[in-house]
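See below for the structure under consideration.
Derivation of every value follows stated rules applied to the coordinates shown; laboratory data play no part. Note that this is a predicted model, so its numbers are computed, not measured. Because the Cβ atoms are built from the backbone with ideal geometry, glycine has one as well, and the counts that use them run over all protein chains shown.
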Amino acid sequence: MERRPGEQAAGEPADCGAGGGEGGDDEPPQGAGAQAARPEARLTLLLRLRAQTKQQLLEYKSMVDANEEKTPEQLIQDKHIEAKIEDLEKEVEEVKTAFEMKKLALDSVLMDNMKHVLKLNKLIMKSHQESWDLEEKLLDVRKKRLELKQSSENKLLEIQTEKNKQKDDLANMENSNKIKAMQRNLKMEIQITTVIQNVFQNLILGSKANWAEDPTLKEIVLQLEKNLATI
Amino acid sequence: MSVLRPLDKQPGLNTATILLVGTEDALLQQLADAMLKEDCASELKIHLARSLPLPSDVNRPRIDLIMFVVNLHSKYSLQNVEESLRHVDATFFLGKVGFLAMGAGQESHCSIHRNTVTKLANTYRSPLFFCDLEREGFRATVAQRLVRMLQICAGHVPGVSALNLLSLLRSSENPAPEDL
C-alpha cells in the first residue's frame with residue numbers, strides 16, 4: 001500500500017545541466033559555434049561515460065569476488081572460524097596502518113607547503129612594513145618642506161613690513177616739527193634778506209647815481225634782483 | 001522481488017537513480033524538485049515511496065542510493081522506516097543507504113529523540129544527515145549533498161566508490177564500531 005507519485009523521469013529535460021548541449025538532436029543547430037562545440041561535447045560525454053563504465057565494472061567485479069568466497073558456516077568448524085577471523089582482522093589492521101602511513105606522507109608534503117606559505121607571508125609583512133616606513137619618511141620630509149615654506153613666507157612678510165615702516169618713517173620725518181621749524185626759519189631769513197635786498201636796491205636807486213655805467217654797481221644791482229625764494 | 005538488491009540490474013548509461021522513502025510526501029516532492037534543479041552531469045532519476053516493499057511489477061531502473069527520511073515530529077515515520085528497512089538487502093548497506101532526519105530544529109515538537117535516530121544509523125552503519133526540509137536554503141544544500149552522494153554511489157565518479165565514501169563520512173562522532 002505504498003504510493004509512488006510517479007517516476008521523476010520527467011526530470012530529464014530539467015536536469016541535464018551539462019548534458020544540455022550533448023547529443024542535441026532535438027535542438028536546431030545554432031550556427032558554426034555550436035557545430036564546433038558539439039563534437040567536443042560528444043567527446044567529453046564519451047570520455048565521461050567511459051570513466052563511469054569503468055568504475056561500475058570495478059564495482060561489479062568486486063561484488064562478484066566478494067560473493068565467490070564461500071561462507072565459513074558451510075565449510076569450516078569453529079576453531080578454523082576463529083583463526084580465519086583473526087587473519088582477517090590482521091589484514092584489516094595492516095591495511096589501516098598502510099593507510100595511516102600514506103596519510104602521514106601526504107601530511108608532510110602539506111606541511112612543507114604550509115611552511116613555504118608562512119615564509120612568504122613573513123616576507124610580505126616585512127615588505128609592507130618597509131614600504132610603510134618609507135612612506136612615513138616621505139611624509140615627514142614633506143611636512144618639513146611645508147614648514148620651511150611657511151617660515152620663509154613669514155620672513156618675507158617681515159621684510160616687507162620693515163620696508164614699509166622705513167618708508168613711513170621717512171614720510172613722517174618730513175612732517176616732523178624740526179623740519180617745519182627749520183623751514184619757517186628759512187622763510188624768515190629769505191624774507192629778511194629780500195627786504196635787505198630791496199632796501200639796498202632802493203638806496204642805490206635813490207642816490208640817483210648812474211648804476212648802469214659802473215660795472216661794480218651794475219653787478220650789485222643785478223645780484224640784488226635775484227629772487228631768493230626760487231633758489 | 002520483495003527485497004531490494006543493489007547490483008541486480010545493469011546500470012543505465014549516464015543515469016543515477018535515488019529512492020526516497022518517507023511519509024512526508026509534500027516535502028519529499030520538494031526535495032526531489034530541489035535535487036533536479038542541481039547542476040549534474042549525469043541524468044538523475046528520483047523515485048519517491050511511502051514505504052517498502054515496492055511493487056514488483058513495475059520496470060524500474062537499478063537503484064543506486066536509498067535515503068530514508070524520518071520526521072522527528074512523528075513516531076509513525078520512524079516505525080514506517082523501520083518496517084521498510086527489512087525489505088532491503090544487506091549488501092545495500094555498504095554505502096548505498098542513508099538516513100535523513102528532519103524537523104530537529106523545533107525541539108518542542110520532537111517526539112523522537114535525536115539519539116534514537118543516531119542509534120538507528122549506527123546500527124546500520126550508514127550516514128545520518130539532519131535537515132530542515134521546510135526551508136528553501138537548507139533544502140537546496142541537502143539536495144546538493146544528496147546529488148553528490150548519488151553520483152558516487154552510481155559509480156559516476158572515477159576513483160571513489162560508495163564504500164570509500166562511507167569510510168570517509170565517518171566523523172569523530174560516530175567512529176567505526178570497534179566492537180567487532
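Points worth noting:
- A Cβ-based charge dipole, computed about the Cα centre of the protein assembly as shown with Lys and Arg at +1 and Asp and Glu at -1, lands at about 2000 debye.
- Full extension of the segment from A:Glu135 to A:Ser152, taken as 0.36 nm per residue of separation minus the current Cα-Cα distance, would add 3.5 nm.
- Our note on the geometry: Cα centres of the range B:93-123 and the range A:148-185, 102 Å apart.
- Look at B:Thr91, B:Thr17, B:Thr123 and count the other Cβ atoms within 10 Å of each Cβ; fewest to most, that gives B:Thr123, B:Thr91, B:Thr17.
- For chain B, the 222 nm mean residue ellipticity estimated from helices alone, with every DSSP H stretch of n ≥ 4 adding -39500 (n - 2.57) and the total spread over all residues, rounds to -10500 deg cm²/dmol.
- Neighbour net charge for A:Leu106 - beta-carbon separation under 12 angstrom, K R +1, D E -1: -1
- Leading residue at positive end of dipole, the protein assembly as shown (Cβ point charges), from A:Ala41, B:Ala162, A:Met188: A:Met188
- Inter-centroid distance (Cα atoms) of the range B:1-79 relative to the range A:89-106, Å: 35
- Residues A:Trp132, A:Trp211, ranked from the fewest to the most other C-beta atoms within 10 Å, line up as A:Trp132, A:Trp211.
- Distance (nanometres) between label positions extended 7 Å along Cα→Cβ at B:Phe138 and A:Ile190: 11.7
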